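All remarks here apply to the structure that follows.
Throughout, read-outs are computed from the coordinates displayed, never taken from laboratory work. None of these values were measured; they are calculated from a predicted model. Neighbour counts run over all protein chains shown; Cβ positions are idealised from the backbone, glycine included.
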Amino acid sequence: MIYGEIFRTIPMVLGTKPKQCKGHSAMLLGKDRILIVRGDSSPMIVLGFLRLVDTKFVRQQREKFDTEVVAWSKGVRAHAEKPINISGPSGVGKGTLVSKLMKDFPSMFGFSVSHTTRAPRNKEKDGVHYHFTDRIVMEKEIKAGKFLEFASVHGNLYGTSIEAVEVVADAGKRCILDIDVQGARSVKASSLEAIFIFICPPSFEELEKRLRERGTETEEQIQKRLQNARAELEQGQASGLFDHILVNGDLETCYENLKVIFY
Ligand SMILES: Nc1ncnc2c1ncn2[C@@H]1O[C@H](COP(=O)(O)OP(=O)(O)OP(=O)(O)O)[C@@H](O)[C@H]1O
Ligand SMILES: Nc1nc2c(ncn2[C@@H]2O[C@H](COP(=O)(O)O)[C@@H](O)[C@H]2O)c(=O)[nH]1
């Protein structure tokens, strides 16, 4: 690409806007921004900015789709607070902590609503707790590059769409992701610069107790989650991936420690 020259390449865009469209033109501005204009418009109609980012994720997508790839930046944004990635074994209390944060600071934090192929639990609402989805549909969307990360967790597919994160950013809120360790690793390799927090139980027995008392899984599913928990606890504490490791013994104490990280 040559600076200042309008060219007619239509790059693949990571994110939801602007949609790829024949007739759009792009002009490189400076070293890291592309101005998108409607090609046939006179005077020139500016559709937005794309930032040229050279992260591992963008490179992977470029290779995968064998085409030029750019990330949509929604224009020039001032300092944005880093998203928060919370991981930890099933039943440790991630959801409980996230719900408290969202309830206490509704205008500050926004939850990244993941997609999953698992069935909804009793009180779970589609689009609020998860986007409950069909495996074939989700696999298709993954192939189309719509996901920031995805992983097979406890026998189901889970993933964070690029749109889920953007919806929170568009609302001017700080994004909270509740995802497993595999997903956290993918996020770290992506263009999303996040703070990584790992939540541990005070003991394995307590973790099992919480999982059982929650009463949302069958015995077989509980066994699977406990088995995966051992591996997650090992990886989470040894990987160097996480910036902070918190023990969720007493809920209020853990919540206070979590809040300290944000201020
Ligand atoms: N500090 C705590 N002390 C006692 N019980 C707790 C504590 N934190 C959470 N719990 C309870 O443990 C159960 C599991 O919590 P929660 O559903 O938040 O876990 P989770 O990590 O989000 O699990 P999953 O990964 O399966 O979604 C819930 O019934 C919750 O009320
Ligand atoms: N990699 C991802 N993991 C995710 C995502 N959303 C949730 N999760 C993790 O799955 C397990 C199980 O969740 P549950 O709701 O079925 O109990 C839990 O550890 C979550 O952190 C995601 O988008 N990507």
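Rank by packing, highest mean first: peptides 203-213, 126-136, with packing defined as the count of other Cβ atoms within 10 Å averaged across residues.
In decreasing order of mean packing, 203-213, 126-136 become 203-213, 126-136.
Going highest first, how would you order 154-161, 230-237 by mean Cβ packing within 10 Å?
Numbers: 154-161: 19.4, 230-237: 16.2.
Put in order of decreasing packing, that is 154-161, 230-237.
Using a Förster distance of 30 angstrom, determine the FRET efficiency expected from the C-beta separation of Ile195 and Lys64, and round it to 0.05.
The value I calculate is 0.65.
Going down the list Lys146/Lys188; Lys146/Lys224; Lys94/Lys188; Lys100/Lys140; Lys64/Lys173, which pairs span over 27 Å between their C-alpha atoms?
Lys146/Lys224; Lys100/Lys140; Lys64/Lys173
Given a Förster distance of 35 Å, report the FRET efficiency between Asp170 and Glu219 from their Cβ-Cβ distance, rounded to the nearest 0.05.
Values: r = 42 Å, r/R0 = 1.20.
Efficiency, from the Cβ-Cβ distance: 0.25.
Check Ser161: other-chain or 5+ apart residues with amide H under 5 Å from its amide H, H built from backbone geometry?
When sequence neighbours closer than 5 places are left aside, the close amide H contacts are His115, Leu148.
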